[in-house]
Every structure is written in structure tokens, then in C-alpha cells.
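Colleague: Below is the structure I would like to discuss, written out as C-alpha cells.
The values are calculated or read from the model by the stated rules, or taken from the named source; none is laboratory data. Not measured: the values here are computed from a predicted model. Glycine also receives a Cβ, built like all others from the backbone with ideal geometry; neighbour counts cover every protein chain displayed.
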Amino acid sequence: MTKKPDTPMLDKVRSPADLNDVPDERLDDLADEVRREMIDAVSVTGGHLGAGLGVVELTVAIHKVFDTPDDRLIWDVGHQCYPHKILTERRERIRTLRKGGGLSGFTKRTESAYDPFGAAHSSTSISAGLGMAVARDLKGKDNHVICVIGDGAMSAGMAYEAMNNAGALDSRLVVILNDNDMSIAPPVGAMSAYLARLVSSHTYLSVREVGKQIAKRLPRFFQDKAAKAEEFARGYWTGGTLFEELGFYYVGPIDGHNMEHLLPVLRNVRDANQGPVLVHVVTKKGKGYLPAENSTDKYHGVSKFDVVTGNQVKSIANAPSYTRVFSDSLIKEARKDERVVAITAAMPGGTGLDRFANIFPDRCFDVGIAEQHGVTFAAGLATEGMKPFVVIYSTFLQRAYDQVVHDVAIQNLPVRFAIDRAGLVGADGPTHAGAFDITYLATLPNFIVMAAADEAELVHMIATAAEINDGPSAVRYPRGEGVGIEMPQEGIPLEIGKGRIISKGSTVALLSLGTRLAECNLAAEELASFGLSTSVADARFAKPLDHDLIRDLATNHDVLITIEEGAIGGFHAHVSQFLSEEGLLDGNLKFRALTLPDRFIDQDSPANMYVQAGLDSAAIVEKIFNLLGRNLAEETEKRA
């Protein structure tokens, strides 16, 4: 009789509670199944692969030892969370990751009770976790709070600010440092695992507490000496002196892929009546999938791929990406002027600065996940006559806004901001959307704010920024491919604050800032088919405004619409202010704005997201018809 194959364990583990029925010796097998499930899912959806593969065993161990969701588990950064999602009642939807209507690529509070905190930007977990721990204590509860923070996220000052505060408050908090890149750990093996189990054990902590109580009966001098002796001895054998100085009890390093090491340490930490504890776990990005292990970036972010070969499915580009155009342009400017330098906050590949760094290694600076430092560092460079370009995603620049105001704008320093991922970004969703930079930069005195309508304009704007030596400037451009137009050989600096007329009409005027210009051109063609003569203009600058252009559009058209890939309060607000001051809103002009709506838009394809936002050509046409009191559906039907 043929024996039926065993049902995969993962089919029996729908939630962490089901792990109670899985013996410790079978957890490695379960981890293997989770890893295979994750690889197969991401091969279909694309997404962050390497980081999740590195924490599979750790994820299984945490959910085995702790009682989630009552015990709060925070992943930092959230792209480590795919195995966590598989084990927390979301396996059936895991192939909807990063798709419209599907699972977020990060932790998300509205998605699951197992996601107590959304973490798509890094280095926030310890601050949030400490808040949860203090709230627990104030409410008289006894649940655990666990923060899993990647070593890259530990490069941000916010993590240390939180640890310093946690050490002072002495609240019960578990921080797991996932060390997968920095190699800050001494060799991990049997001895370090033994020491980690020892110093986290109830016996050791009890003896330590007895020693502390005895020391308290001694003069203060001897108390201090005894504490320092114990700390020195433990630090000598285990490391962790920095964390101890911040008030954390350090345990580790331990092998993050070895259940025999992980489980006893996590149980000891769970059961100890201890203040803040840091467990140092060493993992390997891409673990268990050879193509990822052998890749230089450990398959950090991938498109769809073939599971057997690891080959990623790359779309055929019809035009160069904006990021590539920026990179090429900055390299050209750097060749012409040795004062051009570039700064990135841990995103050299995503921003195209890896190519710049290959050519100018001494003029490219990766400051780590430290956007605040990066901006002020650039300000310092500018004071000495250098031409710094801070190359950063719009969503990450938000983290350094005070430095932009205080250290750059108030001092009127010529720091140049190259703002990638402006507008809606697709699969990464609202946490990575570049929705607010027009508003928060154009409101600052002295700032020059440009937005490229296409890839050729981006070339000219980088050349413009390189020539600006009086005050700060910014160039924003989106994720993805350009529109496929002919590219200039060299960038030609633009006249500051001057837009351009694309097409001339007499009834409707569309004033675009950024890459919605292509949709404006399509809308103008559609409007023309209904007999509505339409002007299309590219503002180029959100600040300073082209007053002559705006005055001409307002006085010579019945309708004026501004279109921008930014939130309410941006470009339109500045145009409205000017028109109001000029008295141009008092007549019969119908003046309206098309901006991103006052809500966050979940992940989808960029095209679908812009349709949801009402910033596609069809929405522009409908807006015009509504303003004119005409029925678009009826007129379309008559025309047909």
C-alpha cells in the first residue's frame, strides 16, 4: 500500500497560534516551507526578496515563542515582513503583494492585527515600540513588545535617540538587531551561542540581581566598581558595549538561522523580568535561495523572476528611465566642474548614483539612512564653494525637512536637491509616494523649484541647477521611463522662472507642472475634437512663477486649469495667490486645479493610480466640460 505524502506543515499553520502544535524539532522544516512559499510568491509579484529570505527562521522562532498579536511585533524596515505575512493569516493573499487591491509590501495597521505599526520608512521601530511599552505599563498590562530592526536601519540617528530614551525609562522592551550586512558581529558559533543562552538565562539574571542587591548595601564607590566589573566581563566575552552604555542589556551574537540557538535565547528574554534588552542576531540576506545569495545586492528588490534560474523578467524600455537620464546628466556636469559632488542616503542604486560613484568615487558620499545628516552635510559642502547635489527620493526628503529649512534655506546656501520618485510610484504605495515636496519646498523663501515634463527637460534642469550659485534649488522627476523624445547632447541652462507654450488656443488653457504634460496634450486633442480651442503650457518652475505666462493665459482664455503631480497647497496655491493679487480672479475666468486628491492612494500600477487621482487626460477633459456646463457623455454619444 502506497503511503500518502504528509500534508505540508504550512497548510496546518494558518496563524501563529497553530505553532503551538509544531514541536521545536520540526520548526526548521516549517521554515523551509515558508521560504519556498515566499520565493514562489515573489517570483509572481516582484518585490523585496533578499531581506525576507534572511529572516525566515527568525520569524518562525518569534511567532513560536511570543504570543502575537497580543505581544506587539514591529518589523523595521517593513520589507522584511513577507514571511511574517505568510504566517499571520495572509498566506492565501500573498500573491497579491504590491498589486492593486492586494497586500501592501510593508506592514500596515489597517491590513492585519498582527501589524501593530506601519514601517515602510526605516529606523522607527524602537521609538514606536517604546511608546507601546510605556502605554502597556501605564495600563497595567504585561504583554511583550518586540522590535526587529535591520542593521541598515541602525545607521539612523532616530534609532539611537529611541534607545537612549528606552534605557533611561527602563521599560521592558525587546529589540532584535538583525545584523545581515554590516558585519559588526564577532564570529558566530557554539561558544557565542552558549554565552548568549547563559547571559539571558533566568539563573544568570537571578544571580546578577542578587549581586546588585548585595552591592547596594556597600558604599557607592563599591557599587559602581562592581557594576563596571560585571559589565566589563560580560562585554569582553559577548560584545555589545555600545548598547550597554545606552541602557540595554545585550545578548548575542547568535546565529539567526539556527533554531537551537534562537529558541532558548528568545524564551529566556521573554521570561526575564528585565528592562530593555537587545538581542543581536546574525543573518544572511537571500538565505536559502542561491541566485539571491550570489547576487551583489542579495536580490533586495526584484521584478518577476524564474524560480529555477533566478533570471528576472525585465520589461523592454521604450525610453530611458528618468533615473538613468539624471545619472548621465550629473556625470556630464561633474566632468565639466570638479566642484560637483553627490550625496545619497543609502540609495546609490535606486537614485543612479552608483554609476556616478564608479566614475567619481571621491566625490560621491553615501551617508547611510541619515537624511538629516546628509542635508546638513551638503550645506557644509556648499559653504566651502562645492556644488552639492542631494539625490534623494521625495518621500525620504521629508525626513530632513527641518535641515532643509534651517541649514539650507535660511542661510540661502546653494544646495541642489535632485528629487527622484516624485508623484505616484506604483507598487510601493502611499508610503513612498512623492506627493508633498512641491508644497513643502515652494513655500520656502529663496528656493527655486523645477519639475521636468520629460526626460529632455530633465537634462536641461540638471544643467540649470549646476549653474545656480545663489540659493537652494530642487529638480523633481518621476519613477519610470521617459516619454521617448529626442534627447539633447548637452544640457542648456534654462532662464530661471520661465515656462514655455506647447500649443496655442483661445478658449481653454492647461498649465502643467511636471510629467502630466503628456496627458494635457492628449486632453487638448480631445477637446479640439469638440471644438474647444486649447492652449497647453509647461510651467517648468513652481517657484519662481512665470508671471507673464500666467497673466497671458488668464486674460486670453475662458478657462484656466493647473495640473500637478502633488498634493493640495502646491503649485496651484502659488498661481492662485498671484492671480488674486493681480485682480485676475475678479472677472469671468473659470480657474481650477487638478492635484493629487486629499487622501492616500494604495498601491497599483502608476497609470491606474493616476486615473484614481483624476490626473489622466480623460479626467482633464471631464473637468473642462463640467466647468463649461456641458455634458461630456451626451456630446460624446451624439458625436458617435
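Colleague: Mind listing just one residue for me: the one in the range 504-516 that is β-branched (V, I, T) and either touching a residue at least 60 places away in the same chain (Cβ under 8 Å) or in contact with a strand residue (DSSP E or B) (Cβ under 6 Å, 6 or more places away or on another chain) (or both) and, of those, farthest from D548 (Cα to Cα)?
Modeller: Among residues in the range 504-516 that are β-branched (V, I, T) and either touching a residue at least 60 places away in the same chain (Cβ under 8 Å) or in contact with a strand residue (DSSP E or B) (Cβ under 6 Å, 6 or more places away or on another chain) (or both), the one farthest from D548 (Cα to Cα) is T515.
Colleague: Here is a follow-up. Of the numbered conditions (1) in contact with a Pro (Cβ under 8 Å, 6 or more places away or on another chain); (2) at pLDDT below 85; (3) not aliphatic (A, V, I, L, M), G211 fails exactly one; give the number of that condition.
Modeller: The single condition G211 does not satisfy is (1).
Colleague: May I ask you to list the residues in the range 362-401 that are without any contact (Cβ under 8 Å) to a residue 24 or more places away in the chain and either crowded, with 23+ Cβ neighbours inside 10 Å or not assigned by TED's automatic domain parsing to the domain that holds R335 (or both)? Walk me through how you get there before you give the answer.
Modeller: Taking the range 362-401 and keeping what is without any contact (Cβ under 8 Å) to a residue 24 or more places away in the chain, we get 362, 364, 366, 380, 384.
Within the range 362-401, none qualify.
For (1) assigned by TED's automatic domain parsing to the domain that holds G570; (2) modelled with pLDDT under 95; (3) over 18 Å from G514 (Cα atoms), each residue gets a yes or a no:
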position	(1), (2), (3)
A451	no, no, no
D454	no, no, no
H460	no, no, no
I468	no, no, yes
P472	no, no, yes
V483	no, yes, no
L494	no, no, no
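Colleague: To continue, here is another question. Would you pick out the residues in the range 32-59 that are outside any helix (DSSP H, G or I) and at pLDDT 95 or above?
Modeller: Selection gives V55 alone.
Colleague: Give the range 365-415 a look and list any residue that's under 20 Å from F436 (Cα atoms), among the hydroxyl-bearing types (S, T, Y) and part of a helix (DSSP H, G or I), or say none.
Modeller: S394, T395, Y401
Colleague: While we're here: Checking G310 against (1) in contact with a Pro (Cβ under 6 Å, 6 or more places away or on another chain); (2) assigned by TED's automatic domain parsing to the domain that holds R36: exactly one of these is not met. Which one?
Modeller: Unmet condition: (2).
Colleague: Six or more apart or on different chains, Cβ atoms under 8 Å: show the pairs whose first residue is in the range 119-135 and not assigned by TED's automatic domain parsing to the domain that holds R72 and whose second is of a type outside the set (A, V, I, L, M).
Modeller: none
Colleague: Another question, if that's okay. Please list, ordered by residue number, the helices (runs of 4 or more DSSP H) wholly in the range 278-361 having 2 or more residues that are touching a residue at least 60 places away in the same chain (Cβ under 8 Å). Quick ask: steps written out before the conclusion?
Modeller: Numbers: elements: 290-294, 322-336, 348-351, 353-359.
Output list reads 322-336, 348-351.
Colleague: Against the definition (surrounded by fewer than 16 Cβ atoms within 10 Å (Cβ to Cβ), in contact with a Lys or Arg (Cβ under 7 Å, 6 or more places away or on another chain) and either of a type in the set (D, E) or within 30 Å of F360 (Cβ to Cβ) (or both)), how does S327 come out, yes or no? Step through it out loud before you land on a result.
Modeller: Details: surrounded by fewer than 16 Cβ atoms within 10 Å (Cβ to Cβ): no; in contact with a Lys or Arg (Cβ under 7 Å, 6 or more places away or on another chain): yes; either of a type in the set (D, E) or within 30 Å of F360 (Cβ to Cβ) (or both): yes.
Answer is no for this residue.
Colleague: Quick check on my filter: what residues within the range 493-528 are farther than 17 Å from S617 by Cα and among the hydroxyl-bearing types (S, T, Y)?
Modeller: S506, T507
Colleague: Could I ask something else about it? Scan E581, E564 and give me the residue that is touching a helix residue (DSSP H, G or I) at 6+ places or on another chain (Cβ under 8 Å), acidic (D, E) and under 26 Å from L441 (Cα atoms).
Modeller: On inspection, the qualifying residue turns out to be E564.
Colleague: Does the range 514-528 contain any residue that is touching a helix residue (DSSP H, G or I) at 6+ places or on another chain (Cβ under 6 Å) and of a type in the set (V, I, T)?
Modeller: No, every residue in the range 514-528 fails to be touching a helix residue (DSSP H, G or I) at 6+ places or on another chain (Cβ under 6 Å) and of a type in the set (V, I, T).
Colleague: From I501, I492, grab the single residue that is of a type outside the set (G, A, S), surrounded by fewer than 17 Cβ atoms within 10 Å (Cβ to Cβ), free of Cβ contacts under 8 Å to residues at least 60 places away in the same chain and outside any loop (DSSP other than H, G, I, E, B). Please lay out each step first, then the result.
Modeller: Values: I492 fails: outside any loop (DSSP other than H, G, I, E, B).
Answer to the check: I501.
Colleague: Identify the residue in the range 533-560 that is in a loop (DSSP other than H, G, I, E, B) and acidic (D, E) and, among all such residues, is surrounded by the fewest Cβ atoms within 10 Å (Cβ to Cβ).
Modeller: D558
Colleague: Among the residues of the range 60-92, how many are part of a helix (DSSP H, G or I) and modelled with pLDDT under 95? Steps first, answer last, please.
Modeller: Quick first cut of the range 60-92, residues part of a helix (DSSP H, G or I) only: 60-65, 78-80, 82-92.
Next cut, modelled with pLDDT under 95 only: 78-80.
Going through the range 60-92 one residue at a time, the tally reaches 3.
Colleague: Anything in the range 136-158 that is among the small types (G, A, S) and either touching a residue at least 40 places away in the same chain (Cβ under 8 Å) or not assigned by TED's automatic domain parsing to the domain that holds D70 (or both)? List them, or say none. Walk me through it before giving the result.
Modeller: Of all residues in the range 136-158, those among the small types (G, A, S) come to 140, 150, 152-153, 155-157.
Once the filter is applied, which keeps residues that are among the small types (G, A, S) and either touching a residue at least 40 places away in the same chain (Cβ under 8 Å) or not assigned by TED's automatic domain parsing to the domain that holds D70 (or both), the range 136-158 yields G150, G152, A153, S155, A156, G157.
Residue-by-condition table, conditions (1) hydroxyl-bearing (S, T, Y); (2) under 26 Å from S394 (Cβ atoms); (3) part of a loop (DSSP other than H, G, I, E, B); (4) at pLDDT below 60:
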site	(1), (2), (3), (4)
Y114	yes, no, yes, no
A120	no, yes, yes, no
A128	no, yes, no, no
M132	no, no, no, no
C147	no, no, no, no
N165	no, no, no, no
V175	no, no, no, no
P186	no, no, yes, yes
V199	no, no, no, yes
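Colleague: For the range 405-417, indicate whether the set of residues that are of a type in the set (D, E, K, R), within 21 Å of A573 (Cα to Cα), touching a residue at least 24 places away in the same chain (Cβ under 8 Å) and buried (at least 22 other Cβ atoms within 10 Å of the Cβ) is non-empty.
Modeller: no
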